[in-house]
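The values are calculated or read from the model by the stated rules, or taken from the named source; none is laboratory data. Quantities reported herein were computed from a predicted structural model and do not represent experimental measurements. Heads up, the Cβs are rebuilt from the backbone with ideal geometry, glycines too, and the neighbour counts pull from every protein chain shown. Accessible surface is based on the protein model in full, side chains and every heavy atom, while ligands, DNA and RNA are left aside. Shrake-Rupley method; radii C 1.70, N 1.55, O 1.52, S 1.80 Å.
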2 protein chains.
Amino acid sequence: MSTFWCERAELPGGIVDAVRITTEGGVITAVEPGVPPGGERRLPGVVLPGFADAHSHAFHRALRGRTHDGGGTFWTWRERMYAVAARLDPDSYLALARATYAELALGGVTTVGEFSYLHHAPGGRRYADPNAMSEALVQAAAEAGVRLTLLDACYLAGGLGPDGHASPDPVQQRFSDGSAEAWAERVAALPARPGLRIGAAVHSVRAVPRADLPVVAAAAGPLHVHLSEQPAENDACLAFYGRTPTELLADAGVLGPRTTAVHAVHLTAGDRELLAASGTAVCACPTTEADLADGTGPFRELLDAGCPLVLGTDQHVTADLLGEAQALEAGARLATGERGRFRPAELVAALTGHAALGWPDAGRLAAGCRADLVAVALDTPRTAGADPAQIALVAGAADVRTVVVDGRVVVDDGRHVLGDVGAQLREAVEPLWT
Amino acid sequence: MSTFWCERAELPGGIVDAVRITTEGGVITAVEPGVPPGGERRLPGVVLPGFADAHSHAFHRALRGRTHDGGGTFWTWRERMYAVAARLDPDSYLALARATYAELALGGVTTVGEFSYLHHAPGGRRYADPNAMSEALVQAAAEAGVRLTLLDACYLAGGLGPDGHASPDPVQQRFSDGSAEAWAERVAALPARPGLRIGAAVHSVRAVPRADLPVVAAAAGPLHVHLSEQPAENDACLAFYGRTPTELLADAGVLGPRTTAVHAVHLTAGDRELLAASGTAVCACPTTEADLADGTGPFRELLDAGCPLVLGTDQHVTADLLGEAQALEAGARLATGERGRFRPAELVAALTGHAALGWPDAGRLAAGCRADLVAVALDTPRTAGADPAQIALVAGAADVRTVVVDGRVVVDDGRHVLGDVGAQLREAVEPLWT
């Protein structure tokens with residue numbers, strides 16, 4: 001048993017002062033407001049539930065501050081990303097993912113949803129363990145002290161043109177299992193263990209032909225899909241199938257309450273209705289969607305229609321999920337000319353979307369829930385003076401002081417238990433560029 | 001004389017390793033690349049020139065994290081801002097501005113451009129020293145260790161309607177000198193001193209009738225003006241004058257090479273031509289323009305047309321000028337679907353726009369320039385792995401380690417010489433809300 005005394009905590013009903021939280025075996029067993037501090041571990045500032053990064057590509061972290069020199073588009077950026085992908089092996093992937101997940105933990109993330117598509121060795125050769133790259137991610141998360149939902153992505157085709165799907169190019173061969181059945185067989189061989197959920201992903205309608213979609217949809221666990229990030233994807237899908245990507249996914253049974261559509265930027269009104277009617281969640285990745293010049297998605301409209309809304313850091317432009325919440329709100333303000341498009345409590349809900357990663361018992365400070373706590377300082381230059389109830393619109397990752405995952409303190413006074421995360425990131429990233 | 005050894009420095013031609021910078025009397029006397037470290041003060045990471053915050057309203061810092069609860073618009077936000085303005089006196093203004101300027105310095109700002117319009121006591125009563133509020137700002141900057149350009153704003157009218165300008169409301173009476181001539185007389189009485197430039201500002205076409213514009217334009221020093229931040233301002237100006245705000249300012253002689261137009265969001269093609277042809281600079285305040293749902297200005301187009309482009313933190317949504325540069329670029333990407341709309345060196349130029357504040361000898365690491373240095377760490381979780389030449393797209397205020405202003409170390413290892421800036425901000429802000 002361990003106990004924490006929170007100066008203030010964001011409980012399901014709002015901010016409450018002087019809250020004692022008791023945990024046992026990684027689960028919250030009691031939440032008592034209005035209790036004076038005693039011998040508990042004290043958490044000053046405001047304590048929020050742990051955050052869920054619903055969309056991570058760990059290895060994209062290596063691209064931060066490396067692709068801003070030449071203009072271009074999403075598609076030219078992708079060439080740089082492929083060049084990094086081509087250089088990774090299970091060991092370098094482990095080092096990079098571990099440091100990336102530790103960086104996410106420093107910003108309050110307690111569950112990472114890793115949308116994983118870098119499966120095989122160069123040329124598509126299988127590693128001795130065909131899940132060696134997945135195992136690297138599992139080990140990385142365990143060592144970084146965060147839970148992992150491995151969204152193992154099916155990626156079969158190299159793109160969608162007027163004549164249908166192309167074969168994978170040399171880099172994309174690392175992503176492909178050759179067939180949806182082979183993909184399913186490999187995923188099924190990955191053993192379960194504590195702190196891990198195994199889910200599935202359709203990389204995109206570019207990478208998975210229609211006939212293969214039901215195989216991926218039949219997999220157990222959370223199901224994620226990149227959806228309508230770029231207009232070119234919509235154009236190609238419409239030209240070949242005569243349907244939008246959302247319509248195609250709906251036809252193939254990919255949408256539904258255990259599905260999360262990532263990006264969902266370029267949607268028709270009909271697409272929005274299909275997502276909402278099916279109970280599909282939507283994952284906004286606002287800093288990536290700005291960085292890659294994707295556009296601003298209709299996230300307020302989707303939430304109003306009934307889609308659960310979650311957040312992802314995606315390519316890790318920053319590893320700051322609070323920053324994603326702020327960029328979500330900023331984009332909605334710019335699109336409408338109105339302020340306060342998301343209430344602070346709605347942003348906290350989006351920050352804590354563990355259910356979209358298969359952890360419905362996380363993300364609330366309530367008895368019976370996982371003991372994930374994020375203490376945000378209210379006395380830093382950035383946060384000083386703010387109303388604690390509005391902290392999600394103010395604080396950044398650097399203001400996070402303590403992070404508890406399943407009852408374990410992973411970040412203590414702004415330091416990760418793994419030590420110097422900056423040094424570990426440099427060691428992991430720099431060799432990929434030399 | 002003091003000397004600094006920079007692991008890397010952003011010189012006018014680009015990033016150079018191992019640079020010794022010698023200063024004397026606050027001025028750089030020598031810049032020597034490729035020198036091994038000796039007894040100099042060592043600055044690890046990458047050293048940039050000092051930043052210029054070209055548009056600050058210091059007292060708006062009190063609104064951070066305080067206005068996100070009720071939706072609304074720019075205009076409802078302004079009601080909250082007026083409520084804070086109504087409570088300030090010279091002492092509380094000094095405390096708030098000093099802590100705000102210290103926060104800006106922590107993020108690398110070495111010159112603040114304070115667009116000042118809170119001049120008088122409640123009801124418009126004059127303080128014993130009619131410049132008491134200006135003196136508070138001057139003292140605040142001196143104590144926070146930054147240079148100040150006081151852009152003393154003329155604010156005569158309470159708004160512009162179909163029948164012309166309204167009288168100031170009770171709060172706005174604090175902003176008004178009663179006439180442009182009285183404004184000019186008060187400004188002229190403010191004594192010069194080191195580290196201070198005195199400039200002028202037209203608050204906006206809402207607040208200064210056409211007949212009074214030439215009086216403000218005749219003042220010496222830099223001249224700033226809020227321009228076309230909200231569509232309603234344009235509509236009112238067009239309805240009453242039959243001209244856009246830009247056209248009106250051009251007619252009245254307000255535009256020109258010593259003028260900076262702040263916001264410049266809602267412009268016609270003709271407006272852009274007037275700004276460029278006159279050599280007017282443009283100040284983008286991207287986080288404020290998102291927070292207040294103003295819109296995204298045509299900043300790339302204005303820069304291409306020849307307008308110098310600078311940055312401001314304005315209402316201090318954050319006090320992170322690097323974040324403004326990143327929001328500028330993000331907005332341009334979202335507006336165009338293309339990446340790299342501003343080259344990294346263009347963003348550094350926008351960060352260092354001291355010339356728009358009357359300090360043309362600041363903002364470059366070169367002999368003869370003011371000795372303003374900003375050392376940004378390359379080993380934090382946020383910056384690790386980035387190309388130093390792209391650091392303006394990556395780092396945040398929390399990554400700034402050392403700040404030198406006019407040769408004086410104001411921020412040392414992330415700590416301001418004033419001490420605990422977070423505590424000082426809390427002490428200044430919280431009484432305004434109780």
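Which residue fluctuates most in the GNM of chain A (Cα springs below 10 Å): A:349, A:377, A:192?
Checking each option, the largest mean-square fluctuation is seen for A:192.
Calculated from DSSP H runs of 4 or more alone, at -39500 (n - 2.57) each and per residue, what is the 222 nm mean residue ellipticity of chain B, nearest 500?
Theoretical 222 nm ellipticity from helices: -9000 deg cm²/dmol.
Counting only other residues whose beta carbon sits under 11 Å from that of residue B:305, what net charge do I get with K and R as +1, D and E as -1?
Every neighbour counted, the sum reads -2.
For segment A:323-355 and segment B:250-278, compute the distance between their C-alpha centroids and round to whole Å.
Each part's Cα centre sits 34 Å from the other's.
Label-to-label distances across copies for residue B:86, with labels 7 Å out along Cα→Cβ, in nm, shortest first?
6.6
What is the Cα convex hull volume of chain B when expressed per residue in Å³?
Considering the Cα atoms of chain B, their hull volume per residue is 135 Å³.
Tell me whether segment A:344-434 comes out rounded, prolate or oblate; compute the Cα gyration tensor, take square roots of the eigenvalues as a ≥ b ≥ c, and use a/c under 1.5 as the rounded threshold.
Cα axes put segment A:344-434 in the oblate bin.
Between A:55, A:119, A:266, where does the largest GNM mean-square fluctuation fall for chain A, given springs only between Cα atoms within less than 10 Å?
Comparing A:55, A:119, A:266 in a Gaussian network model of chain A, the most mobile one is A:266.
Compute the accessible area per residue over the protein assembly as shown, keeping the other protein chains in place, probe 1.4 Å, unit Å².
Accessible area per residue, the protein assembly as shown: 31 Å².
Where nothing but the Cβ of Lys and Arg (+1) and of Asp and Glu (-1) is charged, how large is the charge dipole of the protein assembly as shown around its Cα centre, in debye to the nearest 20?
That gives the protein assembly as shown a dipole magnitude of about 600 debye.
Once Lys and Arg get +1 and Asp and Glu get -1 on their Cβ, which of A:47, A:26, A:113 lies farthest toward the positive end of the dipole of chain A?
A:26
With springs only between Cα atoms under 10 Å apart, run a GNM on chain B and tell me which of B:59, B:240, B:299 wobbles the most.
Judging by the Gaussian network model, the answer is B:240.
Take every DSSP beta bridge with both residues inside segment B:49-357 and express the antiparallel ones as a percent of the total, to the nearest 5.
10 percent
Could you order A:91, B:53 so the one with the most accessible surface comes first? Probe is 1.4 Å.
Largest accessible area first, the list is A:91, B:53.
Viscosity 0.692 mPa s, temperature 37 °C: what is the translational diffusion coefficient of the protein assembly as shown from Stokes-Einstein with a Kirkwood Rh over Cα pairs, rounded to a whole number of µm²/s?
118 µm²/s
Describe numerically, in nm with one decimal, the distance between label points set 7 Å from Cα along Cα→Cβ at residue B:408 and at residue A:336.
It works out to 4.7 nm between the two label points.
What percent do you get for the relative contact order of chain B when only Cα pairs under 8 Å and 6+ apart count?
Value for chain B: 21 percent.
What is the distance, in nm, between label points placed 7 Å from the Cα along the Cα-to-Cβ direction at residue A:76 and at residue B:40?
Rounded to a tenth, the inter-label distance reads 3.5 nm.
If a/c stays under 1.5 just call it rounded; otherwise compare a/b with b/c (prolate if a/b is bigger, oblate if not). Do that for segment A:239-369, with a ≥ b ≥ c from the square roots of the Cα gyration tensor eigenvalues.
Note, shape of segment A:239-369 comes out oblate.
Among A:282, A:316, A:328, pick out the residue whose Cα is farthest towards the positive end of the charge dipole of chain A, where Lys and Arg carry +1 and Asp and Glu carry -1 on C-beta, about the Cα centre.
Comparing the listed Cα positions along the dipole, A:316 ranks first.
So what is the orientation-averaged projected area of segment B:138-180, using the convex hull of its C-alpha atoms, in nm²?
That works out to 4.2 nm².
Label residue B:232 and residue B:18 with points 7 Å out from Cα along Cα→Cβ: what is the distance between them in nm?
Placing both labels 7 Å along Cα→Cβ, they lie 6.0 nm apart.
Every other copy gets compared here: list the nm distances from the residue B:17 label point (7 Å along Cα to Cβ) to its counterparts, shortest first, one decimal.
Label-point distances to the other copies, shortest first: 5.6 nm.
Please name whichever of B:218, B:347, B:156 sits farthest to the positive end of the charge dipole of segment B:49-357, dipole taken about the Cα centre and charges placed at Cβ: Lys and Arg +1, Asp and Glu -1.
Comparing the listed Cα positions along the dipole, B:347 ranks first.
Taking every DSSP beta bridge with both residues inside the protein assembly as shown, roughly what % is antiparallel (nearest 5)?
Antiparallel: roughly 45 percent of the beta bridges in the protein assembly as shown.
Can you compute the charge dipole magnitude of segment A:49-357 about its Cα centre, using +1 on each Lys and Arg Cβ and -1 on each Asp and Glu Cβ, nothing else charged? Give it in debye, rounded to the nearest 20.
Using only the charged Cβ atoms, the result is roughly 400 debye.
What gaps in nm, shortest first, separate residue A:235 from its twins in the other copies when you place the label 7 Å past Cα toward the beta carbon?
3.6
Quick one: accessible surface of residue A:106, probe radius 1.4 Å, all protein chains present, in square angstrom to the nearest 10.
Estimated to the nearest 10 Å², residue A:106 gives 30 Å².
Roll a 1.4 angstrom probe over the protein heavy atoms and tell me the percent of accessible area of the protein assembly as shown that is carbon or sulfur.
Whole-percent figure for carbon plus sulfur exposure: 53.
Just round it to a whole percent: the fraction of Cα-Cα distances in segment B:122-253 exceeding 19 Å.
51 percent
Let me know the charge dipole size of segment A:74-176 about its Cα centre in debye, to the nearest 20, where only the beta-carbon of Lys, Arg (+1) and Asp, Glu (-1) is charged.
Computed about the Cα centre, the dipole is about 100 debye.
Taking the rotation that carries B onto A, look along its axis and tell me which residue of B has the beta carbon nearest to it, distance in whole angstrom.
Whole-Å result, nearest residue of chain B to the axis: B:398, 2.
For segment B:1-93, what is the Kirkwood estimate of the hydrodynamic radius, computed as the reciprocal of the mean inverse distance between distinct Cα atoms, to one decimal in Å?
Hydrodynamic radius (Kirkwood, Cα pairs) of segment B:1-93 is 17.1 Å.
Once you sort the root eigenvalues of the Cα gyration tensor of segment A:207-284 as a ≥ b ≥ c, which label holds: rounded (a/c under 1.5), prolate (a/b larger than b/c) or oblate (the other case)?
oblate
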